[in-house]
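Visitor: I have a structure here, written as structure tokens, and I will follow up with some questions on it.
The values are calculated or read from the model by the stated rules, or taken from the named source; none is laboratory data. Given the structure is predicted, the values throughout are model-derived calculations rather than measurements. Cβ placement follows ideal geometry from the backbone for every residue including glycine, while neighbour counts extend to all protein chains displayed.
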Amino acid sequence: MAAIAKILIFAGLAIAALGIILWGLSYVPGVGRLPGDIYIRRGNFVFYFPVTTAIILSIILTIVLSLLRR
């Protein structure tokens, strides 16, 4: 049971850290509103799919994680 408790604690901390990072990124101008992000608004229906933002974030995370693995 102690091992499961540790996993749950670390998973909770990771989710909280991710939430703080995403909350902080909302204050950076341009993030989430890049050219190539799909944003459709019709009446009270809104569809948003951040294609370009996801690609750039993926590239940055790939570089950072590859540097950390060395």
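Visitor: Determine the pairs where a residue that is at positive phi, located within region 25-37, has a partner that is part of a loop (DSSP other than H, G, I, E, B) and modelled with pLDDT of 85 or more with Cβ atoms under 7 Å apart, the partner being 6 or more residues away or on another chain.
Guide: Pairs that qualify, where the first residue is at positive phi and the partner is part of a loop (DSSP other than H, G, I, E, B) and modelled with pLDDT of 85 or more, are GLY32/PRO50.
Yes or no, residue by residue, for (1) at pLDDT 90 or above; (2) loosely packed, with under 10 Cβ neighbours inside 10 Å; (3) in a strand (DSSP E or B):
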position	(1), (2), (3)
LEU13	yes, no, no
LEU18	no, no, no
TRP23	no, yes, no
VAL28	no, yes, no
GLY32	no, no, no
PRO35	no, yes, no
TYR48	no, no, yes
ILE55	yes, no, no
SER58	yes, no, no
